[in-house]
Each structure stands twice: as C-alpha cells, then as structure tokens.
Amino acid sequence: MRGATKSGHPLKWVAVLAWMAVGCGGGQTSVDGTALVGVDEGESASAITACVTSGASLQTTTDLNVRSGVGTSYGVLITIPGGGIAKEAGGGCPTSGWYKVTYSGVTGWASGTYLTVAGTGSTASRDAAISRSQTAMGFSYWWGHGAFKSGAAAGSCSGNCPSCTHSGSYGGDCSGFVAKAWVVPSTNSNMATDSHPYSTGNFNVDSSQWSTISRDALLKADALVYNDGGAGHIALYGSGDGWGSMNLYECKGCAAGCVYNARSLGTTYHAIRHY
C-alpha cells in the first residue's frame with residue numbers, strides 16, 4: 001500500500017479485525033512503503049481557483065502535500081498520490097488558492113495548483129455495479145476464480161485457502177468478485193463466465209482504471225483494499241461510515257462465502273474508485 005494511505009490519525013483509528021482474508025493474497029505486486037513527497041505548490045498556475053461544490057471530490061494531478069495551514073510555510077500532514085481523490089472540507093471556496101480537504105482521515109490545506117474536480121461517474125454505472133454485486137451474493141468462495149450465475153447452485157468451499165477444496169461451477173474470491181462487479185477489464189462483462197484478471201496486489205496499486213480516494217469520500221460501488229506481506233482482501237462499499245460500520249459486498253472467505261454484511265475495516269485498508 002502507498003505509504004500516504006497508512007494514516008495513524010488518532011481520531012480515525014479503527015482496530016483491525018482478527019480475521020484476515022488471506023485467500024485473496026495471491027502472487028501480488030510488491031508493496032510500496034516509501035513515503036511520498038509532494039511537488040512545489042507554486043510551480044504553475046492553479047488548475048482550479050473558483051468555488052466548488054461543498055464536499056466535492058478533488059483529484060490531484062501529481063503527488064500533492066496537504067499542509068496544516070494555508071501556504072507552503074506550514075508543515076506537511078500527509079501527501080496525496082497523483083491521481084488520488086480527496087474530499088473538499090471547507091464549504092467549497094478556496095482561501096488564497098488553497099482548498100481545505102480531507103484525505104485518508106487527515107484534514108488540512110492543499111493548493112489548487114495541482115487539483116481538479118474529479119468525475120464521480122454516473123449513478124446508473126454505480127447502480128449497475130451494485131446490481132452485479134447482488135447477483136454474486138450467496139455463492140461460495142472459490143479461490144482464484146470469479147463466476148456468478150443467477151439461479152445456479154451456490155457451490156461449496158472447505159478447508160483453508162489457498163489449500164481449499166471447491167465444488168460446483170460458480171463462486172469467486174474477493175478480487176474475482178470485484179472485477180466482475182466493476183467489469184474490469186471491459187471484456188469481463190459476463191458474470192457467469194469464469195475469470196480472475198486481478199489479485200488484491202493489482203487493486204492495491206493505482207492504475208488507469210481505479211485510483212485512491214479518501215475513505216471520507218466513499219460512494220456506493222467504490223472499494224476498500226489492502227495487500228501486505230502476501231495477504232490481502234478487497235470489498236465493495238455499499239453504504240455507511242467509511243471509518244466505522246459499513247455495509248459491504250464481499251467474497252469473504254471459505255467459511256463465509258460471498259455475503260452482504262455490516263462491519264468495519266482497519267486502517268490497513270484504503271479506498272479506491274473505478275467510476
């Protein structure tokens with residue numbers, strides 16, 4: 001996970017649950033623990049200077065510092081990675097070209113120099129992703145797979161993954177499920193066709209198809225993911241407090257299967273957005 005997303009902010013700490021979905025870890029990309037350093041905020045003209053909608057999603061065009069006050073003389077609280085999305089937190093209007101934002105549980109000031117108003121995707125796209133997620137609920141956990149057909153037998157899983165046994169033709173693991181819900185890549189559109197294009201290691205790193213956002217800015221059909229030391233998990237957000245109790249769609253593990261449930265996730269998880 002990016003170092004900037006591992007906030008230890010005392011007001012936002014949520015204890016990590018004892019359960020960890022090791023089953024979605026799979027041959028992951030390496031975890032980047034290097035702290036980010038933002039650009040010189042005064043290098044170019046502001047990308048945005050006017051008032052925006054209060055609570056709007058603001059996306060960075062490069063690694064950007066969030067400071068404790070308005071101006072570069074104030075200390076850096078956290079650095080948002082390029083392409084990251086923060087939530088506007090100051091009523092919408094800038095102060096001397098700086099916007100009050102919240103990112104990864106930390107609130108401070110970021111220069112509009114490298115900020116743009118982020119698109120949040122259409123409601124129809126998000127609703128469609130939730131509908132696909134609902135199709136998958138009730139199916140069995142199937143390590144390294146993703147196939148869900150409405151009305152088909154749920155299948156079953158036994159043992160401890162990855163050394164687990166699956167019976168049936170449908171089910172999926174956490175990353176196989178999210179890839180189906182998001183239709184990534186675009187060829188992965190048939191819910192019933194078995195595919196597993198990404199692991200949590202892929203989802204844990206920003207790409208052209210998804211990017212990190214603040215957990216305060218979660219919208220339905222966003223996701224929360226972690227991958228560390230070969231273990232990982234990803235769940236699709238439905239509703240609730242991004243730092244507390246949330247309603248999540250997830251293929252949770254061999255015993256639980258694919259479920260819609262209410263629970264909290266620890267600060268090892270960061271939020272990502274596709275739509």
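The values are calculated or read from the model by the stated rules, or taken from the named source; none is laboratory data. Just so it is clear, the model here is predicted, and its values are computed rather than measured. Backbone-built Cβ (ideal geometry, glycine too); neighbour counts: all protein chains shown. To get the accessible areas, we keep the full protein, side chains included, count just its heavy atoms, and leave off ligands, DNA and RNA. Shrake-Rupley method; radii C 1.70, N 1.55, O 1.52, S 1.80 Å.
Does at least one position in segment 178-192 carry a residue that is of a type in the set (V, I, T) and open to solvent by 30 Å² or more (accessible area, probe 1.4 Å)?
Yes: segment 178-192 contains one or more residues that are of a type in the set (V, I, T) and open to solvent by 30 Å² or more (accessible area, probe 1.4 Å).
Please go through segment 193-224 and give me each residue that is open to solvent by 50 Å² or more (accessible area, probe 1.4 Å) and not basic (K, R), ordered by number.
Correct list: T193, D194, H196, P197, N202, V205, S207, S208, Q209, L219.
Please go through segment 48-63 and pick out each residue that is more than 17 Å from G119 (Cβ to Cβ), in contact with a strand residue (DSSP E or B) (Cβ under 7 Å, 6 or more places away or on another chain) and surrounded by fewer than 18 Cβ atoms within 10 Å (Cβ to Cβ).
Answer for segment 48-63, where residues must be more than 17 Å from G119 (Cβ to Cβ), in contact with a strand residue (DSSP E or B) (Cβ under 7 Å, 6 or more places away or on another chain) and surrounded by fewer than 18 Cβ atoms within 10 Å (Cβ to Cβ): just S54.
Just need a number here: residues in segment 69-86 that are within 17 Å of the chain's Cα centre (by Cα) and among the aliphatic types (A, V, I, L, M).
The qualifying residues number 3.
Tally up the residues in segment 77-94 that are surrounded by 15 or more Cβ atoms within 10 Å (Cβ to Cβ) and farther than 21 Å from I272 by Cβ, please.
Here the count works out to 4.
State the number of residues belonging to segment 225-244 that are open to solvent by less than 20 Å² (accessible area, probe 1.4 Å) and either hydrophobic (A, V, I, L, M, F, W, C) or over 26 Å from G144 (Cα atoms) (or both).
The number of residues fulfilling the criteria is 7.
Is there any pair with a first residue in segment 76-95 that is on the phi > 0 side of the Ramachandran plot and a second that is modelled with pLDDT of 90 or more and basic (K, R) whose Cβ atoms are under 9 Å apart and which are 6 or more apart or on different chains, and what are they?
What qualifies is G91/K100.
Please find, within segment 245-275, the residue that is most open to solvent (accessible area, probe 1.4 Å) out of those that are more than 23 Å from V184 (Cβ to Cβ) and more than 15 Å from the chain's Cα centre (by Cα).
The extreme case among them is A255.
Going residue by residue through segment 193-212, is there one that turns out to be free of Cβ contacts under 8 Å to residues at least 24 places away in the same chain and in contact with a helix residue (DSSP H, G or I) (Cβ under 9 Å, 6 or more places away or on another chain)?
Yes: segment 193-212 contains one or more residues that are free of Cβ contacts under 8 Å to residues at least 24 places away in the same chain and in contact with a helix residue (DSSP H, G or I) (Cβ under 9 Å, 6 or more places away or on another chain).
Could you please give the count of residues in segment 248-275 that are closer than 21 Å to G144 by Cβ and among the small types (G, A, S)?
Number satisfying all stated conditions: 4.
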